[in-house]
4 protein chains.
Amino acid sequence: MTTTVPRQRRKDARPQELLDAALALFVEKGFAATRSEEIATRAGVAKGTLYRYYPSKDELFKAMVRENLSIHIAESAAQAAQYAGPIAGLLNEMMRAWWAKVGDGNAGVVCKIMMIEARHFPELARFYVDEVIQPSKALIGGLIERGIRSGEFRAVPVEATVHLLIAPMLHLLLHEHSFGEHDVCHQTMGAAELLDAQLSLLLHGLLAEPQGT
Amino acid sequence: MTTTVPRQRRKDARPQELLDAALALFVEKGFAATRSEEIATRAGVAKGTLYRYYPSKDELFKAMVRENLSIHIAESAAQAAQYAGPIAGLLNEMMRAWWAKVGDGNAGVVCKIMMIEARHFPELARFYVDEVIQPSKALIGGLIERGIRSGEFRAVPVEATVHLLIAPMLHLLLHEHSFGEHDVCHQTMGAAELLDAQLSLLLHGLLAEPQGT
Amino acid sequence: MTTTVPRQRRKDARPQELLDAALALFVEKGFAATRSEEIATRAGVAKGTLYRYYPSKDELFKAMVRENLSIHIAESAAQAAQYAGPIAGLLNEMMRAWWAKVGDGNAGVVCKIMMIEARHFPELARFYVDEVIQPSKALIGGLIERGIRSGEFRAVPVEATVHLLIAPMLHLLLHEHSFGEHDVCHQTMGAAELLDAQLSLLLHGLLAEPQGT
Amino acid sequence: MTTTVPRQRRKDARPQELLDAALALFVEKGFAATRSEEIATRAGVAKGTLYRYYPSKDELFKAMVRENLSIHIAESAAQAAQYAGPIAGLLNEMMRAWWAKVGDGNAGVVCKIMMIEARHFPELARFYVDEVIQPSKALIGGLIERGIRSGEFRAVPVEATVHLLIAPMLHLLLHEHSFGEHDVCHQTMGAAELLDAQLSLLLHGLLAEPQGT
DNA sequence: GATGAATGAGGTTTCATTCAT
DNA sequence: AATGAATGAAACCTCATTCAT
């Protein structure tokens, strides 16, 4: 019944297995409603084993969030600094890349979890704001400013524009995870098409082009 | 000692007082982390009294959500049907009205609560989708279609556009409630200005107008 | 089955009932080996009820000790100050009184419990030392000194003499509670006789009187 | 890295090292509050190793007590039988020897541990009573009787006198171990001086010699 | 009707013990 | 023989719910 996996091998894999199990359950039922035994069971170990790796459910939660937030913003930032062409194209690429990395995978649901539990884990919320939210906003905001300076963009208010670029994708994520079963919008509106539409709309506007000069 | 409120008056007000207390606590700490005694205390009654009005914490939760979601979409819909001018103006007005009604008040935080607890209260989630989300989308979607037919709008994909109109406001709401302490964006970007910027951007686009022909 | 005791009456009696149950169990099995549910059961209530009165097992323990240590040393001290006759007689009376109050009852076993758990409850140990041990020693020590000054006693070292007066009684207490079942010394040597013998011995010494002048 | 102790040497020493570690921890924190892993760690081995030498924590405890109680009373008894001079001097020597052997070292704290855990380990308590307490009492009691018969001592009650000789020293031991930090009596009253004072007092009595006939 | 004392199921965490390596 | 990863029984404590007053 038991496959012969060396003990050390198993031990090395345990922390990640526990974090994965925790992530799945936290997003499914929330932190408070998830019993620590469930996490252990889903990770294939007994209740007590969890506590060999994390000293408490709270600490497990924090580790899970931190571990999944190593989406290195810095990487994208460096990439953006080197880029020379039109900002619109860069934004398009970056958001698509973000969705590919975050939208579907673990990092995405961590956004939901983080939002839900922010009040309960203030230090973690601060960490998230400082390490994820602020850098992301700074990155996108910088690009908008570059676009405005180069004359590519209108002189729009930067902060609001950043929000307008980020919010729809994030909200889609949250919505899907919460109401996906009841509101099957992504069947008729896939993420890719939504992105296309969003960028197109944001870039060109909703209004029909003025007919004359 | 106690201010002299007629007994009957108090009793009639109880259910609403309990729901209000519950709302405040649920948004502050989440459903699971809020003790039923806290709700009672905040409503100015004893623990046992709560159970005279609602048979369980779950039912109290459902009542609280349902009660606060009687934002009558129908009303706005009727108003929209009569409206004759340019759709852009109507959208502008409607969203401003929505924010005034929902953004600051109880209904707004119920959106957050509903999103958080959707998996735990499936029937309630379905109710919310059917009674709030779908009608709202239908209303806005209908207006977009009208605008397209009348030539006021470009032939944009309707569903994505609706999402693009709704998501930023909703997300601002959630963000503020979760990270308001750590990410004080609304100090530099008030809701009103954000709305202005959003509508302007969505209507006219981010790109600078093509200079020549 | 249930006798109709008014609820309020029961509530008022609860703390004392719980402390009594705790005392009995702590002396029988020690603090760590006593389960909180046992205490509750012995007090005739359910597990949860205990926590309505004491916030934790530790706090219950501390309350139990403090409650049982209201042996007012001050009382004996005042009595001693007024006394005029020979100190030997006063000591005799006081020790007999102490045994009557402490030796058999709750306060006695608290001495044992306190000794056992002193390392685990340092603040409590300090309280015990400051409020019980030191005043007791001071009281007896003062009497010895009075006796020496008046010529009634030899010029013995005070501190050691105090210890010699106290230790045998206290040790008898501890011994009985620990080994009473196995070493049935008090069947052959009752407390009263032991006290007689002790005082007689301490006062007159073990050695036979020198025969001549 | 490790100092080069022959493997066999280490292995032979293990049981004693474990017992020493256990003794130190049991006296410091009590039996229940000492984790078996702590014992192993302090003995320089891993948790599992402990169980190669002792089948359970209970058995380890019993072994530790038994091992440390091999204060061979018999030895002193033989010595006493041969002794010819005044009993007072012999008692003096014996008690000083006892203190030197027991008072400071391991055997002393075992008295405390034994007293604390007597109810939890009844067979062990019986063993202690039979092998340590009773023989000790018999030894001292015999000497007292010899003294009385020879006219050296007054016709005191034997059992109480034995208690009076033993209790102060034992109690000093217990007291120091429990309240040493809070009640620093041995700074002003060393064990040696206490012994001097005790014997002197017990032998000669507290009262001043009657002046005249 | 209102209260809050009482309950006990259920959750988190600890730790003696086992056993694969 | 030694290790320490894993286990799960058992302890503490919480809190939704009941019910006597």
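The values are calculated or read from the model by the stated rules, or taken from the named source; none is laboratory data. Keep in mind that what you see is a predicted model, and the values were worked out from it rather than measured. FYI the Cβ positions are ideal-geometry reconstructions off the backbone, even for glycines, and counts take in every protein chain you see.
Just to be sure before I move on: is C:GLU117 within 16 Å of DNA strand F (Cβ to nearest atom) and within 18 Å of the chain's Cα centre (by Cα) in the structure I sent? Before you say what the answer is, go through the steps one by one.
On the way: within 16 Å of DNA strand F (Cβ to nearest atom): yes; within 18 Å of the chain's Cα centre (by Cα): yes.
Judged against the criteria, C:GLU117 is a match.
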- Could you tell me which of the residues C:PRO122, C:PRO157 is surrounded by fewer than 20 Cβ atoms within 10 Å (Cβ to Cβ), facing chain D (nearest Cβ under 8 Å) and modelled with pLDDT of 90 or more? C:PRO122
- Query: How many residues does the stretch A:11-35 contain that are within 11 Å of DNA strand E (Cβ to nearest atom) and over 17 Å from A:ASN106 (Cα atoms)?
  - Reply: 5
- Query: In the list B:GLY147, B:GLY103, which residue meets the criterion of being in contact (Cβ under 8 Å) with a residue 60 or more places away in the chain and within 10 Å of chain A (Cβ to nearest Cβ)?
  - Reply: B:GLY147
- Note on the structure: Only one of (1) away from DNA strand E (no atom under 16 Å from the Cβ); (2) farther than 20 Å from D:ALA32 by Cβ does not apply to D:GLU123, and that is (2)
- Message: Please count how many residues of the stretch C:4-57 are buried (at least 20 other Cβ atoms within 10 Å of the Cβ) and assigned to a loop (DSSP other than H, G, I, E, B).
- Response: 5
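For the stretch D:132-142, which positions are aliphatic (A, V, I, L, M) and surrounded by fewer than 21 Cβ atoms within 10 Å (Cβ to Cβ)?
Step one: filter the stretch D:132-142 for residues aliphatic (A, V, I, L, M), giving D:132-133, D:138-140.
Listed by number, the residues that qualify are D:VAL132, D:ILE133, D:ALA138, D:LEU139.
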- Task: Could you identify the single residue in D:VAL109, D:VAL129, D:VAL102 that is more than 17 Å from D:LEU23 (Cβ to Cβ) and of a type in the set (Val, Ile, Thr)?
- Result: D:VAL129
- Task: Pick out the one residue from A:MET115, A:MET95 that is of a type in the set (A, V, I, L, M, F, W, C) and either at pLDDT below 90 or touching a strand residue (DSSP E or B) at 6+ places or on another chain (Cβ under 7 Å) (or both).
- Result: A:MET95
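Check the stretch C:199-206 and report whether any residue there is outside any loop (DSSP other than H, G, I, E, B) and modelled with pLDDT of 90 or more. Step through it out loud before you land on a result.
Step one: of the stretch C:199-206, the residues outside any loop (DSSP other than H, G, I, E, B) are C:199-204.
Now drop any that are not modelled with pLDDT of 90 or more, which leaves none.
Within the stretch C:199-206, none of the residues are outside any loop (DSSP other than H, G, I, E, B) and modelled with pLDDT of 90 or more.
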- Flagged in the stretch B:27-80 as within 13 Å of DNA strand F (Cβ to nearest atom) and over 24 Å from A:ALA33 (Cβ atoms), in numbering order, are B:VAL45, B:ALA46, B:GLY48, B:THR49, B:ARG52, B:TYR53
- Flagged in the stretch B:91-119 as surrounded by 18 or more Cβ atoms within 10 Å (Cβ to Cβ) and either within 17 Å of B:VAL162 (Cβ to Cβ) or in the same structural domain as B:GLU17 (by TED's automatic domain parsing) (or both), in numbering order, are B:LEU91, B:MET94, B:MET95, B:TRP98, B:TRP99, B:VAL102, B:CYS111
- Item | Qualifying residue in the stretch C:188-198 (condition: modelled with pLDDT under 85 and among the hydroxyl-bearing types (Ser, Thr, Tyr)) | yes
- Message: Quick check on my filter: what residues within the stretch A:173-192 are more than 7 Å from chain B (Cβ to nearest Cβ), in contact with a helix residue (DSSP H, G or I) (Cβ under 9 Å, 6 or more places away or on another chain) and either under 14 Å from A:MET95 (Cβ atoms) or of a type in the set (A, V, I, L, M) (or both)?
- Response: A:LEU173, A:ALA191, A:ALA192
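For D:VAL184, state whether it is surrounded by fewer than 22 Cβ atoms within 10 Å (Cβ to Cβ), closer than 21 Å to D:SER76 by Cβ, of a type in the set (A, V, I, L, M) and modelled with pLDDT under 90.
Spelling it out, it is not the case that D:VAL184 is surrounded by fewer than 22 Cβ atoms within 10 Å (Cβ to Cβ), closer than 21 Å to D:SER76 by Cβ, of a type in the set (A, V, I, L, M) and modelled with pLDDT under 90.
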- Message: For D:GLU176, only one of the following conditions fails: (1) of a type in the set (Asp, Glu); (2) free of Cβ contacts under 8 Å to residues at least 60 places away in the same chain; (3) more than 25 Å from C:GLU28 (Cα to Cα). What is its number?
- Response: (3)
- Query: Among the listed residues C:VAL109, C:VAL102, C:VAL65, which satisfies the condition of being at pLDDT 90 or above, of a type outside the set (Lys, Arg) and part of a helix (DSSP H, G or I)?
  - Reply: C:VAL65
- Note on the structure: Restricting the stretch C:53-71 to residues that are within 16 Å of DNA strand E (Cβ to nearest atom) and touching a helix residue (DSSP H, G or I) at 6+ places or on another chain (Cβ under 8 Å), the one nearest to the other protein chains (Cβ to nearest Cβ) turns out to be C:LYS57
